[in-house]
Amino acid sequence: MSTARVEHTNAATGLSPHPERATMEGRNKIIGFWLFLGAETVMFACFFGVYLALRNSSLDGPTTQELYHIPMVAVSTLILLFSSLTSVLGVVGMQQHNYKKTMFWFGVTVLLGASFLALEIYEFFVYVGEGHTFTSSAFGSAFYTLLGTHGAHVLFGVCWITGLLFQARKRGLTQEMAPKFFVASLYWHFIDVVWVFIFTVVYLMGKVG
Amino acid sequence: MEAKAQQSQPRTEKQAGGFKYVVSFGLMLVLTGLAFAAVVMNIVPQQWIIPMILGLATVQVFMQLFSFMHLHLKKEATIVSFMFSGIFFGLVCAVGVAFLS
């Protein structure tokens with residue numbers, strides 16, 4: 001992969017302020033990832049559209065007003081929002097070539113992501129107990145498709161960043177690792193953005209009716 | 001073969017680098033809190049509440065994009081156009097499917 005190196009850094013001098021953009025490979029990764037995020041936006045938009053169309057088709061199961069546990073959702077939202085902040089702080093640490101800071105903040109991001117997932121799984125457990133399942137109604141299918149896909153994205157992000165942390169422990173904060181952390185952080189912000197719309201469109205609008 | 005990273009960087013810019021993101025985060029908390037409060041506490045008239053929370057969400061998303069995700073409108077015009085076309089198509093799909101029946 002070193003054929004893509006544009007600059008060579010030296011441990012003592014020439015540390016670039018944006019290590020993720022110091023190589024051609026890094027810049028290409030960032031552009032490519034934004035393209036991917038554009039596509040993911042359209043995908044999630046389709047799930048939102050289906051949810052909006054089917055949210056009142058709850059047959060004889062619980063409706064949105066009866067079902068949603070807003071305090072739990074508020075906690076989940078805070079957790080994910082906070083994890084978005086910690087991932088930015090991790091990127092800042094990476095741009096400052098501060099290995100410990102990068103590892104710490106991304107580590108916190110992983111822990112927060114895992115707690116979000118645990119809370120969401122518990123929430124689904126409660127809903128299934130109340131009769132709201134994937135197959136109980138069109139509303140159920142639309143709900144779990146949207147939220148489940150989002151949750152799968154969070155799980156993937158947690159695994160991805162964990163993998164990066166293990167890799168960085170072995171290789172250090174090189175010009176090859178920098179774009180990886182940056183791109184993983186972009187992914188993490190994206191899933192937080194999707195969650196902002198989920199709590200607004202699904203939960204808050206569900207409460208309003 | 002040693003691949004350990006430099007840990008000797010002096011921490012002069014530690015706060016300067018991270019502070020603006022904490023400020024952005026604080027604003028996002030306020031926007032989120034407003035949205036939750038508006039719904040849970042019934043302080044906003046019925047017709048206005050859905051446009052209001054959608055508006056709050058949109059503002060927060062733009063903050064995420066331009067602050068957290070380091071998106072620069074002028075320098076990264078190509079990327080911005082990718083994202084906005086994605087968002088545009090996404091909106092069309094979402095609204096279209098929502099009103100399909």
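The values are calculated or read from the model by the stated rules, or taken from the named source; none is laboratory data. Nothing here was measured: the structure is a model prediction, and the numbers come from that model. Note that each Cβ is placed from the backbone with ideal geometry, even for glycine, and that neighbours are counted across all protein chains shown. We work out accessible area using only protein heavy atoms, side chains counted, and drop any ligands, DNA or RNA first. Shrake-Rupley method; radii C 1.70, N 1.55, O 1.52, S 1.80 Å.
For the range A:56-109, how many residues are on the phi > 0 side of the Ramachandran plot and without any contact (Cβ under 8 Å) to a residue 24 or more places away in the chain?
Counting residues in the range A:56-109 that are on the phi > 0 side of the Ramachandran plot and without any contact (Cβ under 8 Å) to a residue 24 or more places away in the chain gives 0.
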Check: What are the residue pairs meeting all of these: first residue in the range B:62-84, first residue closer than 15 Å to A:Gly38 by Cα, second residue open to solvent by 30 Å² or more (accessible area, probe 1.4 Å) and hydrophobic (A, V, I, L, M, F, W, C), Cβ atoms under 6 Å, and 6 or more apart or on different chains?
Finding: B:Val80/B:Leu73; B:Phe82/A:Leu35
Note to self: Yes or no: the range A:40-52 includes at least one residue that is at the interface with chain B (Cβ under 9 Å from one of its Cβ atoms), more than 18 Å from B:Leu91 (Cβ to Cβ), part of a helix (DSSP H, G or I) and out of contact with any Lys or Arg (no Cβ under 8 Å at 6 or more places or on another chain).
What the structure shows: no
Margin query: Please go through (1) open to solvent by less than 30 Å² (accessible area, probe 1.4 Å); (2) over 21 Å from A:Phe156 (Cβ atoms); (3) within 8 Å of chain B (Cβ to nearest Cβ) for A:Lys100 and return the number of the only condition it doesn't satisfy.
Written below: (1)
Note to self: Condition first: under 13 Å from the mean Cα position of the chain (by Cα) and closer than 30 Å to A:Ala22 by Cα. Can you find one or more residues in the range A:139-151 that meet it?
What the structure shows: no
Check: Does A:Ala74 meet the test of being at pLDDT below 95 and either open to solvent by 10 Å² or more (accessible area, probe 1.4 Å) or among the polar types (S, T, N, Q) (or both)?
Finding: yes
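Condition check ((1) buried (at least 21 other Cβ atoms within 10 Å of the Cβ); (2) without any contact (Cβ under 8 Å) to a residue 24 or more places away in the chain; (3) out of contact with any Lys or Arg (no Cβ under 7 Å at 6 or more places or on another chain)) across all residues:
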| position | (1), (2), (3) |
| --- | --- |
| A:Val128 | no, yes, yes |
| A:Phe156 | no, yes, yes |
| A:Ala178 | yes, no, yes |
| A:Val194 | yes, no, yes |
| A:Lys207 | no, no, yes |
Check: Restricting the search to the range A:159-176, which residues are open to solvent by 20 Å² or more (accessible area, probe 1.4 Å) and within 30 Å of A:Ile121 (Cα to Cα)?
Finding: A:Cys159, A:Trp160, A:Thr162, A:Gly163, A:Leu165, A:Phe166, A:Gln167
Next item on the list: Tell me which residues, restricted to the range A:62-71, are open to solvent by less than 30 Å² (accessible area, probe 1.4 Å) and either more than 9 Å from chain B (Cβ to nearest Cβ) or in contact with a Gly (Cβ under 7 Å, 6 or more places away or on another chain) (or both).
Entry: A:Pro62, A:Thr64, A:Leu67, A:Tyr68
Note to self: I need the full set of residues from the range A:160-209 which are of a type in the set (Val, Ile, Thr) and more than 8 Å from chain B (Cβ to nearest Cβ), in order please.
What the structure shows: A:Ile161, A:Thr162, A:Val183, A:Ile191, A:Val194, A:Ile198, A:Val202
